[in-house]
Amino acid sequence: MTGSAGLPLEPGPDEMREMAETVTEALIAWIGGLSDAPAENTAGALDVAHRLAAAPPDAGSADVKALLDDALEAARHTFEYSGPGYLAYIPGGGLYTAALAEFLAQGLNRYVGLWQASPAVVQLEENVTRWLCDLFDFPVTSQGVLTSGGSMANLSAVVSARHAKLGEAFLDGTYYVTDQAHGSNTKAATIAGFGQGNVRLVPTDDELRMDPVELARMITEDRAAGRRPFLVIAAAGTTNTGAIDPLSAIAEVAEREALWFHIDAAYGGFFQLTGRGHEWFAGSERADSITLDPHKGLFLPYGTGGLIVRDREAMRDAHFEGAAYLQDLPPAGELPNYNELTPELSRDMRGLRVWWPLALHGVDAFRSALDEKLDLTTRVHEALSADPNVELGWDPQLTVVAFRMRGGDEQRSRELLARINASKRVFLSSTMIRGEYWLRVCIVSHRTHADRIDECAAIIRDAAAALAS
Ligand SMILES: *Cc1c(COP(=O)(O)O)cnc(C)c1O
């Protein structure tokens with residue numbers, strides 16, 4: 001393939017159009033097939049992987065269609081993450097409009113690490129991060145950043161808290177999470193220079209929520225032992241069951257003890273858009289920082305997380321190092337320099353893929369989709385409550401329903417999961433809670449509606465009945 005100038009890396013207009021059309025047509029057909037696609041299709045996937053293993057050729061094939069076929073073949077042999085039956089882990093979505101915006105963003109290739117290079121492009125990303133801060137009633141001195149995911153956001157929160165509260169000699173610092181917290185919160189300890197010995201597991205109540213009295217007691221105990229408690233991380237939606245820690249009570253303790261209060265709302269955060277979520281998250285406006293994952297609750301394709309921090313300067317102090325080769329560029333002013341606020345310098349122009357769906361569909365479209373997920377959760381919970389062969393764990397707080405075979409026999413519950421997933425219409429995952437095996441239905445995808453949830457309940461009912469007989 002050569003362009004009008006005869007240069008292979010610079011295709012001409014007709015070639016560009018033809019390539020783009022080949023890809024968009026395939027993608028449209030792909031999305032059209034999602035609801036009938038198997039919810040899980042990994043049998044033989046390693047054979048496909050072996051067939052595709054290759055080194056890049058010295059002379060190109062000039063064959064976009066062949067490369068497209070390979071990519072589609074690879075994508076076909078996976079879990080169907082973007083389909084309506086994907087109810088495992090925390091589902092994402094994969095909005096077409098985000099993909100389109102991303103294609104444009106990559107084609108435009110503007111640099112957004114420092115504002116002066118592309119002020120108005122940075123503004124489009126700021127539209128998103130300001131909206132995130134406003135969503136949680138953070139003050140004007142707050143700042144948001146878009147990260148690659150929730151794990152990176154939690155890491156930056158831990159580093160910001162460490163820097164603000166402990167300074168450079170921090171190894172006597174302790175921070176507090178529950179045993180239900182997402183693994184990225186404890187993983188962050190190691191990456192941020194601590195050991196796992198600096199992380200304290202606060203007990204949870206019967207609903208798997210942090211016990212604030214225990215939290216206060218452990219802080220006092222650590223102080224008496226000469227340690228420096230500096231951070232508490234609450235969950236606004238645990239991955240296991242959607243449990244929401246008592247945010248106001250934890251804010252109370254954090255304020256009294258001068259701890260940084262971080263909320264990991266990677267899964268649950270965008271339910272703040274709904275009336276119910278807004279009530280459940282009361283107290284979140286008192287946090288120092290909140291992790292949010294647009295690639296979960298805003299249905300974006302994987303690769304977009306977010307962090308909002310109440311005190312912009314604290315985030316900057318923890319992440320900024322000057323560099324002589326950047327001396328021509330001015331400091332942050334009306335617009336931020338993202339490189340001063342995150343570990344990244346060069347990065348993709350990721351704001352557009354969030355801004356486009358919000359602006360094109362409107363916030364109400366997201367609000368009602370999230371409300372629908374809450375209703376669907378009640379729907380599947382009610383259906384399973386009526387099933388004599390299954391046992392429910394906890395009342396759902398967001399959009400997770402945990403269940404297992406009645407009586408709690410682990411082996412039979414494992415078989416139940418295998419049978420449900422063998423349907424290929426839905427795909428569920430399991431977890432261990434307090435040492436016991438549970439299956440979960442987690443409803444987040446914008447493509448999941450009542451028909452698939454009813455089908456899911458029927459599949460569970462039939463599989464459980466077959467195992468019980
Ligand atoms: C998914 C999740 C994370 C991690 O986010 P990634 O985007 O996968 O890195 C952190 N915390 C919670 C509660 C999550 O559900």
For this session: Pick out the one residue from Asp179, Asp172 that is of a type in the set (Asp, Glu), in contact with a Pro (Cβ under 9 Å, 6 or more places away or on another chain) and within 30 Å of Arg227 (Cα to Cα).
Result: Asp179
Exercise. Given (1) open to solvent by less than 10 Å² (accessible area, probe 1.4 Å); (2) within 16 Å of the ligand (Cβ to nearest atom), where does Gly283 come up short, assuming only one miss?
Worked result: (2)
Seminar exercise, completed: Among Gly193, Gly183, Gly167, the single one that is open to solvent by 10 Å² or more (accessible area, probe 1.4 Å), without any contact (Cβ under 8 Å) to a residue 60 or more places away in the chain and out of contact with any helix residue (DSSP H, G or I) (no Cβ under 9 Å at 6 or more places or on another chain) is Gly167
Exercise. Based on what the data block shows, is Asp206 in a loop (DSSP other than H, G, I, E, B) and away from the ligand (no atom under 16 Å from the Cβ)?
Worked result: yes
Problem set entry | Search result, residues across the stretch 291-311 that are surrounded by fewer than 20 Cβ atoms within 10 Å (Cβ to Cβ) and in contact with a Leu (Cβ under 8 Å, 6 or more places away or on another chain) | Pro301
For this session: Filter the stretch 54-83 down to the residues that are closer than 26 Å to Glu21 by Cβ and among the acidic types (Asp, Glu), then identify the one that is surrounded by the fewest Cβ atoms within 10 Å (Cβ to Cβ).
Result: Asp63
For this session: Could you list, in sequence order, all residues of the stretch 241-263 that are farther than 23 Å from Met315 by Cβ and either of a type in the set (Phe, Trp, Tyr) or surrounded by fewer than 24 Cβ atoms within 10 Å (Cβ to Cβ) (or both)?
Result: Pro246, Ser248, Ala249, Glu252, Arg256
For this session: Kindly indicate whether Arg227 is open to solvent by 50 Å² or more (accessible area, probe 1.4 Å), in contact (Cβ under 8 Å) with a residue 12 or more places away in the chain and more than 16 Å from the ligand (Cβ to nearest atom).
Result: yes
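Return a yes/no flag: does the stretch 365-382 have any residue that is farther than 30 Å from Leu95 by Cβ, touching a helix residue (DSSP H, G or I) at 6+ places or on another chain (Cβ under 7 Å) and not aliphatic (A, V, I, L, M). Walk me through it before giving the result.
In the first step, residues of the stretch 365-382 are kept if they are farther than 30 Å from Leu95 by Cβ; the result is none.
Looking for residues that are farther than 30 Å from Leu95 by Cβ, touching a helix residue (DSSP H, G or I) at 6+ places or on another chain (Cβ under 7 Å) and not aliphatic (A, V, I, L, M), one finds none in the stretch 365-382, hence no.
Name the single residue, out of those in the stretch 27-44 being part of a loop (DSSP other than H, G, I, E, B) and touching a Lys or Arg at 6+ places or on another chain (Cβ under 9 Å), that is surrounded by the most Cβ atoms within 10 Å (Cβ to Cβ). Before the answer, list the steps.
Filtering the stretch 27-44 for residues part of a loop (DSSP other than H, G, I, E, B) gives 33-39, 41-44.
From the residues that got through so far, the ones that are touching a Lys or Arg at 6+ places or on another chain (Cβ under 9 Å) too are 34-35, 37-39, 41.
Working: Leu34: 17, Ser35: 16, Ala37: 17, Pro38: 17, Ala39: 23, Asn41: 16.
Checked the stretch 27-44; the qualifying residue surrounded by the most Cβ atoms within 10 Å (Cβ to Cβ) is Ala39.
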Seminar exercise, completed: All-but-one check, Pro57 against (1) in contact (Cβ under 8 Å) with a residue 24 or more places away in the chain; (2) in a loop (DSSP other than H, G, I, E, B), failing number (1)
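Within the stretch 45-53, can one find any residue that is surrounded by fewer than 11 Cβ atoms within 10 Å (Cβ to Cβ) and in contact (Cβ under 8 Å) with a residue 12 or more places away in the chain? I'd like the intermediate steps shown before the answer.
Within the stretch 45-53, the subset surrounded by fewer than 11 Cβ atoms within 10 Å (Cβ to Cβ) is 46-47, 50, 53.
Checking the rest, the ones that are also in contact (Cβ under 8 Å) with a residue 12 or more places away in the chain come to none.
Among the residues of the stretch 45-53, not one is surrounded by fewer than 11 Cβ atoms within 10 Å (Cβ to Cβ) and in contact (Cβ under 8 Å) with a residue 12 or more places away in the chain, which makes the answer no.
Among the residues of the stretch 455-464, how many are open to solvent by 40 Å² or more (accessible area, probe 1.4 Å) and within 18 Å of Pro91 (Cα to Cα)?
Looking only at that region, the number is 1.
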For this session: Please go through the stretch 141-175 and pick out each residue that is in contact with a Lys or Arg (Cβ under 9 Å, 6 or more places away or on another chain), within 12 Å of the ligand (Cβ to nearest atom) and of a type outside the set (A, V, I, L, M, F, W, C).
Result: Thr147, Ser148, Gly150, Ser151, Asn154
For this session: Assess whether Asp288 counts as being surrounded by 24 or more Cβ atoms within 10 Å (Cβ to Cβ) and within 12 Å of the ligand (Cβ to nearest atom).
Result: no
For this session: State yes or no: is Tyr111 within 16 Å of the ligand (Cβ to nearest atom), aromatic (Phe, Trp, Tyr) and part of a loop (DSSP other than H, G, I, E, B)?
Result: no
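The values are calculated or read from the model by the stated rules, or taken from the named source; none is laboratory data. Computed from a predicted model, the values in this text were never measured in an experiment. Cβ: placed from backbone, ideal geometry, glycine included. Neighbour counts: every protein chain shown. Areas reflect the complete protein model, heavy atoms only, side chains present, ligands, DNA and RNA absent. Shrake-Rupley method; radii C 1.70, N 1.55, O 1.52, S 1.80 Å.
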